[in-house]
Amino acid sequence: MSDLLFLFNPDRKILTINETVTKTLGYDPRELVGKPLELVVYETQSQKAESVGINTIRMLMWGDTKDTEITLKTKTGNIVQASITISAVRDNKDQVTGFVCIARDLTAQKFAQQNLQNLYEREKHLRQDIEKEMNKRVAFTRILVHELKTPLAAIMSASELMDNEESDSLSIKLTKIIRRSASHLDTRIDELFDLAQGEIGLLQIKSVMLDPAVILHQVYDSMLPLVSNQRQSLLLDLQNALPQIKADKDRLHQILFNLIDNALKYNTDGGKITLRALVKEGYLVISVQDTGRGISKEDQFNIFDPYVRLEAGKKTTEGLGLGLAICKILVTLHKGRIWIESEPYKGSTFTFTLPLVSEEVHINQ
Ligand code: ADP
């Protein structure tokens with residue numbers, strides 16, 4: 001038996017103990033039998049100078065049958081927290097002849113509880129530290145973005161004005177360069193801010209019910225001039241009657257622009273880009289396929305990680321290597337998945353999914 005067992009008479013003289021008492025409290029049975037139970041009860045005084053331990057025992061002997069916590073003391077003076085129950089032993093005339101006390105050693109349980117409490121406190125402090133760091137980082141990034149964007153906005157609007165003024169052809173050319181560079185810088189700042197927020201889980205999406213075909217047509221219309229300008233072609237291949245989805249309109253635009261912009265940047269001259277959408281297994285599946293230089297298997301492995309640029313060092317295309325990382329964060333926030341299929345020199349297809357809204361939710365909208 002793993003519990004401590006005492007048999008004692010109504011005067012609280014110990015009659016018998018089990019082996020667990022010997023093991024736990026360190027007494028030989030001969031040292032306890034015939035001795036008052038008080039010997040093994042760790043005593044504290046209440047405010048009224050009553051003995052708390054023995055009072056508890058008395059209460060349990062004469063009425064209160066609930067489990068109660070009590071402190072026992074070992075032969076060497078150590079304390080043992082225990083939960084005890086006491087039941088009366090009666091003779092055939094219903095007279096109380098003695099009591100059985102069963103005490104459960106709570107040391108291991110208390111130790112585990114204390115450990116758990118310590119772990120909880122440590123985790124709480126760590127969480128608070130992380131939250132503080134995150135808030136500091138977000139505040140800093142916000143200020144930085146503001147500091148960078150304010151002069152940039154001035155450059156962009158001034159160059160826009162200059163572009164409209166009557167000026168010589170060199171001025172127009174220079175103005176166009178200023179505007180284009182400022183606009184690229186503006187995009188890079190937005191990307192950095194999105195990534196900073198996305199990495200610490202603070203990027204949020206505002207999902208609404210929308211018709212994906214409308215969005216895809218809008219994206220197609222606005223990308224077509226850019227694609228044609230680069231002597232490439234853009235095809236829109238939509239399955240009939242695409243269902244409505246719940247998504248963040250601006251963020252969906254952002255994902256699509258990003259993927260088509262990449263297809264355009266990394267395509268071959270005269271290349272073809274296909275924007276496709278269909279429904280499959282409860283998801284809207286959207287893909288952007290190009291006929292460009294493709295990406296090898298080993299380079300595909302971390303292509304969605306931030307700052308990955310396969311042409312690092314070459315100054316052929318702009319970018320920080322953040323576009324795909326942000327696409328992944330945004331698709332994940334929509335509870336979808338994004339992946340790549342590609343073969344060197346044959347082209348790449350970037351595909352992402354968005355969950356369809358179930359009928360029930362749909363009706364409630
Ligand atoms: P970047 O702003 O550099 O384009 P991305 O995160 O969008 O950043 O892309 C990361 C890298 O993946 C790019 O630098 C490029 O090397 C490669 N990549 C992306 N899209 C394509 C594509 N359609 N074809 C070939 N390579 C691509």
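The values are calculated or read from the model by the stated rules, or taken from the named source; none is laboratory data. Computed from a predicted structure; not experimentally measured. Neighbour counts run over all protein chains shown; Cβ positions are idealised from the backbone, glycine included. Note: accessible area is taken over every heavy atom of the protein model, side chains too, but ligands, DNA and RNA are not part of it. Shrake-Rupley method; radii C 1.70, N 1.55, O 1.52, S 1.80 Å.
Key figures
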item: 0 to 90° range, to nearest 10: angle between helix 323-333 axis and the chain longest Cα axis; result: 50 degrees
item: Within straight-line cross-link reach of Lys265, lysines at Cα separation under 25 Å, skipping those fewer than 8 residues along the same chain; result: Lys173, Lys176, Lys249, Lys297, Lys314, Lys315, Lys328, Lys346
item: Rel. contact order, % - alpha carbon contacts under 8 angstrom, at least six apart, the stretch 96-221; result: 24 percent
item: Built amide H within the under 5 Å cut-off of Glu343, gap 5+; result: Ile295
item: Helix-only [θ]222 nm of the chain, DSSP H runs n ≥ 4, -39500 (n - 2.57) each, per residue, nearest 500; result: -15000 deg cm²/dmol
item: Whole-percent carbon and sulfur share, accessible surface of the stretch 208-364, 1.4 Å; result: 52 percent
item: Cα pair distances exceeding 20 angstrom across the stretch 208-364, given as percent; result: 49 percent
item: R0 of 45 Å, Cβ-Cβ distance Thr268-Glu131: FRET efficiency to nearest 0.05; result: 0.40
item: Lysine-lysine proximity count for the stretch 4-105, Cα under 17 Å, sequence distance 8 or more or distinct chains; result: 6
item: Virtual spin-label span in nm between Arg104 and His217, 7 Å along Cα→Cβ; result: 7.0 nm
item: Extent along principal axes [Cα atoms of the stretch 4-105; Å; largest to smallest]; result: 41, 35, 21
item: Relative contact order (%) - the chain, alpha-carbon pairs under 8 angstrom, separation at least six; result: 10 percent
item: Extension reserve of the Glu43-Met59 stretch, reckoned as 0.36 nm per residue once the Cα distance is removed; result: 4.2 nm
item: Accessible surface, per residue, of the chain when the full set of protein chains is kept, probe 1.4 Å, Å²; result: 61 Å²
item: Degrees separating the helix 249-265 axis from the principal Cα axis of the chain, which is the longest one; result: 60 degrees
item: Charge dipole (debye, nearest 20) of the chain; +1 at Cβ of Lys and Arg, -1 at Cβ of Asp and Glu; result: 660 debye
item: Partners for Lys132 among lysines (Cα-Cα distance below 16 Å; same-chain residues under 8 apart left out); result: Lys124
item: The stretch 112-199 - percent of accessible surface contributed by carbon and sulfur, probe 1.4 Å; result: 60 percent
item: DSSP bridge pairs, the chain: antiparallel proportion in percent, nearest 5; result: 90 percent
item: At q = 0.06, 0.08, 0.09 Å⁻¹, base-10 log of I(q)/I(0) for the chain (Debye sum, equal scatterers on each alpha carbon); result: -0.52, -0.63, -0.67
